[in-house]
Amino acid sequence: MDNLAKHLLQRLMRRIPASMLQSTLDKWGRLTAEKRKSLDFTQSKLTITQELVALCEESELTVKHITELEMIYVTENPNQGMWHTFQLLDPEDDAHSVELMQFKEQFKSHLSELKRNVSVKIKKHTDEAVWIRVAWGDGLSRPNHLKATYVVHYLQTPYVFVNALSSKNKPLLLQALTLSTKHQQIKAANLSGQKLTALRDLLMRQYQQVFPTKYPSPLPESDQSISKLRIEKVQAEASANRHRMAGETFGDGMLPALQSAFFQLETKFKDPTNEAMTQRDEPFICSVKFSSSNLLESLRHCASSGIASTPVTPLLSSIPLKGRNYFVITNNVPNA
Amino acid sequence: MEGASTRGVLCHLSLLEVQARSRGSQVPQQPSRVKELKAKVEALTSQRDQLKAELQIHKKLQKLRAPVDKRREDGEDEEMDVDSESSELFHLMARHSELTDLLHAHNLIGGYDAITTNGGKGMCFSLATEYEGAYLDTYKLELNLKPKVRISRHNIPPFIPLNSLAEQSDLQTDVRAFLATVSQHLNAFAGRKQQLKLVKEQHKSIEVMESNLLCSILVLMFTVPKDKTPLLCTLEYTDHTRCLPTRVHLNCQDKLVPDSPNWKKNCSLLKEVPVHRALTAIKKASNIV
């Protein structure tokens, strides 16, 4: 096992939390059951790593095998790093019949045409997601496995999720993706975040959306205490309306755990008490960032409790409606 | 003990005294009670009148909804004793209630349902999908009507090409054609998805090698019973409005197997019958394990 493989394995072991080590190694399957049993997982991570390196050396495993292990770990734990979304546009007529084998061949061949010395691994996950791992080299150097790019794409959908892509390699990757999925263009979709599952659930509409129905919703249970009854009687209708509008805008139940939204404002300053600023011709540039462990649930709660006015402003409702969390707002066309 | 019962009796007597006194003082309260009851009578009378008026309108509408020929036959037209303006209104109302009932009936037989939203500025369609008599998922699609007809919110997954379907049928003039196509695509997708689910449930000996979100391709691995050779079967559903494959392709190391008359028959069976049932038949004929 060469130094690179050793280094890669050690780096990877630092990334994998102790609780997931055993299951990840089992899924990897490159070590025999006997060898795996010989590892004592109660020891410190450092000791386990040393033992694991020794076992891998015995089995004569190479960089290729270690990258497999990395891919298994990342596929099972995708909510790390920063994922950016891209959208494929202008599908050709046969874009809808692109199947996995075809896509794999085409992607690998297009990418290696565009750049030599890239190492590509493509694997289909059980939920039909196609995972691609690209280690970039160039004409002179070998592929750098320490900084691999990960791409997730569901065939027949227009969305591509990318992690750890340098600006140098971006145009190459995007072109290879566009060609192999038989589209003509690709653009940034303005949706990014740490949790891939949240981005995916938002765009694939895998959450409980609420739509108007012609049947009245069931009556809420009445509270026993009299004083609460009085407050509720007065506030009931307003509160029910707010809840309904909040639900229709953001959805019901568990919402995709989006963690931030970023608004770049380039609008004219408006404050009648501040003449100095209002007199300026140029737009006032400022950025607003919302962060939360679950931004959509926070916004829904703001709307249903009355903190944010209802009907919900398009600035906020655009997040679930358009599936993006980066907006540039100018006076002319608010976030198109 | 005696003291308690005496106390009890005295208490009771004083209670009765208080009651008698209060009953006496109730007499001046009667006029206000009468006023209350009179107000209630008024309210109920006006409600009754309102209901009577609604009943009349309803009766008129029912008459208007009767087929035109029948009306002419019965000579009821002359009985319409209303001026032209409100008769137009009545006609519109009759038409409206007729269409509402038609839409409801359409929904009951499995078609889409629609409601207006946003004060008439939008509509929300409820597209149900079914396969082999069982209701599957229901999808919702909201359209904005003003200023142009545009798709607003929906929960249709992104592998159904909604935007290109909207471009194909002109949304401004022919929303029905658009909805019919979308409903077709959704029902076909639901059917294919359900077939895949049934294959996985009913045929555990067959391995699903490949599928995709749209369920437009299915690669299955069969085992031929004679010598346990694996046989790869690819089903391509290129027509996304149908539940049956357009192409069935077999791959086997033993080149003779796909060309055998049995397997040629099985291939055409797979094109004509839903895959889970075709597989049951093929298994019965002992062509696969």
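Summary of computed values
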item	result
Any hit, the range B:162-174, residues being away from chain A (no Cβ under 14 Å) and assigned to a helix (DSSP H, G or I)	yes
Unique match (being within 22 Å of A:SER97 (Cα to Cα), outside the structural domain of B:THR280 (by the TED database) and within 28 Å of the chain's Cα centre (by Cα)) among B:LEU179, B:LEU214, B:LEU186	B:LEU186
Number of positions in the range B:113-133 that are outside any strand (DSSP E or B) and either open to solvent by 40 Å² or more (accessible area, probe 1.4 Å) or away from chain A (no Cβ under 14 Å) (or both)	5
Residue check, A:THR157 within 14 Å of chain B (Cβ to nearest Cβ) and either closer than 30 Å to B:ALA128 by Cβ or surrounded by fewer than 20 Cβ atoms within 10 Å (Cβ to Cβ) (or both)	yes
Which numbered condition A:GLN50 fails, given (1) assigned to a helix (DSSP H, G or I); (2) open to solvent by less than 20 Å² (accessible area, probe 1.4 Å); (3) more than 14 Å from chain B (Cβ to nearest Cβ)	(2)
Filter result (β-branched (Val, Ile, Thr) and within 12 Å of chain A (Cβ to nearest Cβ)) within the range B:149-161	B:ILE151, B:ILE156, B:ILE160
Those residues of the range A:40-93 which are charged (D, E, K, R) and within 23 Å of A:LYS124 (Cα to Cα), in sequence order	A:LYS64, A:GLU68, A:GLU70, A:GLU76
Those residues of the range A:187-220 which are of a type in the set (A, V, I, L, M, F, W, C) and either open to solvent by less than 40 Å² (accessible area, probe 1.4 Å) or within 14 Å of chain B (Cβ to nearest Cβ) (or both), in sequence order	A:ALA189, A:LEU191, A:LEU196, A:ALA198, A:LEU199, A:LEU202, A:LEU203, A:MET204, A:VAL210, A:PHE211
Residue within the range B:179-187 that is touching a residue at least 60 places away in the same chain (Cβ under 8 Å) and either open to solvent by 50 Å² or more (accessible area, probe 1.4 Å) or of a type in the set (Asp, Glu) (or both) present	no
B:SER164 vs. criteria under 30 Å from A:TYR154 (Cβ atoms), surrounded by fewer than 15 Cβ atoms within 10 Å (Cβ to Cβ) and in contact with a strand residue (DSSP E or B) (Cβ under 8 Å, 6 or more places away or on another chain)	yes
Count - residues of the range A:125-141 that are in contact (Cβ under 8 Å) with a residue 40 or more places away in the chain and more than 14 Å from chain B (Cβ to nearest Cβ)	3
Scope the range B:134-148; condition surrounded by fewer than 19 Cβ atoms within 10 Å (Cβ to Cβ) and more than 11 Å from chain A (Cβ to nearest Cβ); matching residues	B:ALA134, B:TYR135, B:LEU136, B:ASP137, B:ASN144, B:LEU145, B:LYS146, B:PRO147, B:LYS148
Flag if A:GLU105 is away from chain B (no Cβ under 12 Å), surrounded by fewer than 18 Cβ atoms within 10 Å (Cβ to Cβ), in a helix (DSSP H, G or I) and at pLDDT below 90	no
Selection status of B:PHE90, of a type in the set (A, V, I, L, M, F, W, C), surrounded by 11 or more Cβ atoms within 10 Å (Cβ to Cβ) and modelled with pLDDT of 85 or more	no
Residue within the range B:244-253 that is within 34 Å of the chain's Cα centre (by Cα), on the phi > 0 side of the Ramachandran plot and of a type outside the set (Lys, Arg) present	no
The range B:209-236, subset assigned to a strand (DSSP E or B) and within 11 Å of chain A (Cβ to nearest Cβ), residue most open to solvent (accessible area, probe 1.4 Å)	B:MET209
Lone qualifier among A:VAL63, A:VAL134, A:VAL120, A:VAL130 - being surrounded by 15 or more Cβ atoms within 10 Å (Cβ to Cβ) and not assigned by TED's automatic domain parsing to the domain that holds A:TYR159	A:VAL63
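The values are calculated or read from the model by the stated rules, or taken from the named source; none is laboratory data. Keep in mind it's a predicted model, so treat the numbers as computed, not measured. Note: ideal-geometry Cβ built from the backbone for every residue, glycine included; neighbour counts use all protein chains shown. All accessible areas refer to the heavy atoms of the entire protein, side chains included, with ligands and DNA or RNA removed. Shrake-Rupley method; radii C 1.70, N 1.55, O 1.52, S 1.80 Å.
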